[in-house]
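Working notes, structure below.
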Amino acid sequence: MQAYMDRTLILDCKEKVGKEVKICGWVVTGRDHGKLVFLDVLDRSGVIQVLASGADKNVPELRPQDVVCVTGTVNKRPQNLVNKNIPTGEIEISAETIEVLSKAQELPFDMGGKDLDLQLPTLLDFRSLTLRHPKLKSIFKVQASLLEGFRQAALDLDCTEIVVPTIVAGATEGGAEVFKIDYFGRKAYLSQSPQLYKQMLVPVYERVFTIAKAYRAEPSVTTRHLTESTQLDIEIGFIEFEDLLDFLEAVAVKMLTVAEEQCGDILSEFGVEKIAFGSPRSAGGAGKIPRLTLREAQEIIFKEFGRDNRNEKDLTPQDEIDLCQWSKDKHQSDFVTITHFPTSAKPFYTMPNPKNPEYSLSYDLLFRGVEILSGSQRINDYQQLLDSIKGRGMNPDNFQLYLQAFQYGMPPEGGFSFGLERVTMHVLNLSNIRQASLFPRDMERVDIRLSQNSNRKSQN
Ligand code: AMO
């Protein structure tokens with residue numbers, strides 16, 4: 001601990017021209033210009049050039065990712081050598097000592113470029129290394145800002161943060177896509193969503209939010225599905241359907257505004273356009289995020305894009321792309337809210353529209369061509385909920401604790417859930433959701449490729 005007390009963060013060296021400093025970090029690159037040996041050293045605040053050839057001992061042999069502590073003097077660089085691309089571009093450190101804290105092995109590929117030009121499987125096979133690349137690392141800075149924006153929005157709505165279990169007694173979102181686990185010789189499941197718990201907590205706190213892991217045994221490999229994803233959930237009591245639409249749009253706008261404000265540099269580096277927000281109704285704006293019922297949306301698909309999906313229970317991936325294009329062109333909004341999906345296509349807890357029970361009080365939020373959120377007003381009457389569970393061939397015994405909440409006073413309520421990786425992916429215009437997950441899980445991978453694992457097993 002003491003050894004790092006006198007450490008200066010690299011960015012703070014700007015204020016220390018002419019002074020002695022000690023910096024600690026990773027070697028990014030080394031350049032050997034004849035007698036002058038230059039290193040770039042990186043810590044959590046930034047990168048700085050180190051002139052290593054002045055070090056008192058011979059400069060140790062260094063390679064990228066070696067961990068070093070450098071002591072030396074901060075000097076102004078000559079005007080013609082200023083690097084305008086980095087915040088410390090006007091200074092450099094003339095090293096006196098260079099101590100190597102940890103040696104790195106030779107890298108399996110060059111990490112020095114602006115982009116890390118590797119195929120996705122390689123990026124994932126070497127995840128603990130590739131995440132260190134500035135471009136990859138910045139994806140998760142954006143993700144952190146999205147999380148912060150979501151939290152701020154939920155707290156603004158006066159929601160209490162809750163943490164809920166992921167080992168559960170039953171499937172919530174549908175039977176097939178659930179992971180069964182062997183729970184001391186009995187059956188239990190990995191949670192598909194924090195849904196039931198957030199609902200149970202409405203009579204406790206009225207308004208709640210949670211950031212939770214969700215598990216789906218997705219049997220196909222797509223660019224937008226993970227088997228383990230992160231859901232950002234809100235659940236609110238004493239609402240009407242329209243309130244929920246206002247809330248979800250307000251949360252989406254807040255979350256993405258925070259990310260845009262905090263990560264403007266990263267977004268421009270990724271070359272993505274500024275987000276077109278429209279203005280959410282709840283913010284008192286003109287209501288520019290368009291809202292369409294599923295059937296209205298399908299009518300637009302039919303009239304403007306020539307595909308007749310008017311009897312389908314859900315949008316197709318291409319419908320989602322086209323509707324977002326329509327929304328951008330006609331409403332200057334990267335978002336569009338789709339409401340009133342058929343009741344039979346939605347989970348058992350979804351409230352049927354009392355005016356037309358074939359359709360439900362449900363919604364999806366589409367953003368830049370993909371569904372990033374879904375939710376609904378819920379059935380809050382105990383008997384109606386019991387009937388809905390039984391009507392879908394499910395066993396109410398598996399929902400005992402959940403049902404209890406409805407036996408003892410549940411107000412009208414509803415909520416929604418964002419998929420964090422989906423939002424990250426589309427904010428940055430990434431081509432595959434796996435790029436938006438630190439350690440993505442899918443049918444083929446749990447950290448390492450599963451085929452590799454079974455090869456290993458059979459070799460043992
Ligand atoms: P849903 O199943 O639509 O709703 O999930 C909510 C959001 O989570 C994201 N998502 C996924 N992301 C990556 N991989 C997956 N396999 C995956 N599945 C879902 C999507 C989706 O919009 N309980 C309800 C929410 C509610 O009603 O409040 C639910 O889970 O962005």
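Structural remarks
- In segment 119-148, residue least open to solvent (accessible area, probe 1.4 Å) [restricted to those that are without any contact (Cβ under 8 Å) to a residue 60 or more places away in the chain and out of contact with any helix residue (DSSP H, G or I) (no Cβ under 7 Å at 6 or more places or on another chain)]: His133
- Residue, nearest to Thr343 (Cα to Cα), within segment 370-391, restricted to residues that are within 8 Å of the ligand (Cβ to nearest atom) and among the hydroxyl-bearing types (Ser, Thr, Tyr): Ser376
- Taken over segment 55-98, the criterion of being without any contact (Cβ under 8 Å) to a residue 60 or more places away in the chain, among the β-branched types (Val, Ile, Thr) and in a loop (DSSP other than H, G, I, E, B) is satisfied by Val59, Val82, Ile86.
- Restricting attention to segment 389-409, the residues that are open to solvent by less than 20 Å² (accessible area, probe 1.4 Å) and either over 32 Å from the mean Cα position of the chain (by Cα) or of a type outside the set (Phe, Trp, Tyr) (or both) add up to 4.
- Complete set of residues in segment 211-227 that are surrounded by fewer than 22 Cβ atoms within 10 Å (Cβ to Cβ), more than 8 Å from the ligand (Cβ to nearest atom), at pLDDT 95 or above and of a type outside the set (Lys, Arg): Ile211, Tyr215
- Scanning segment 100-118 for residues that are open to solvent by 70 Å² or more (accessible area, probe 1.4 Å) and over 25 Å from Ile266 (Cβ atoms) turns up Leu101, Lys103, Gln105, Glu106, Pro108.
- Selection of segment 1-45 for residues being open to solvent by less than 20 Å² (accessible area, probe 1.4 Å) and not in a helix (DSSP H, G or I) yields Thr8, Val21, Ile23, Cys24, Gly25, Val27, Leu39, Val41, Asp43.
- Qualifying residue in segment 244-266 (condition: without any contact (Cβ under 8 Å) to a residue 60 or more places away in the chain and either more than 19 Å from the chain's Cα centre (by Cα) or assigned to a loop (DSSP other than H, G, I, E, B) (or both)): yes
- Filtered residue count, segment 170-210, keeping only those that are within 13 Å of the ligand (Cβ to nearest atom), open to solvent by 50 Å² or more (accessible area, probe 1.4 Å) and of a type in the set (A, V, I, L, M, F, W, C): 2
- Single residue of segment 410-446 satisfying the filter (among the charged types (D, E, K, R) and part of a strand (DSSP E or B)) that is surrounded by the fewest Cβ atoms within 10 Å (Cβ to Cβ): Arg441
The values are calculated or read from the model by the stated rules, or taken from the named source; none is laboratory data. Model, not experiment: these values are computed from the prediction. Don't worry about glycine lacking a Cβ; one is built from the backbone with ideal geometry, like all the others, and counts go over all protein chains shown. Keep in mind that these areas ignore ligands, DNA and RNA; they rest on the heavy atoms of the full protein, side chains included. Shrake-Rupley method; radii C 1.70, N 1.55, O 1.52, S 1.80 Å.
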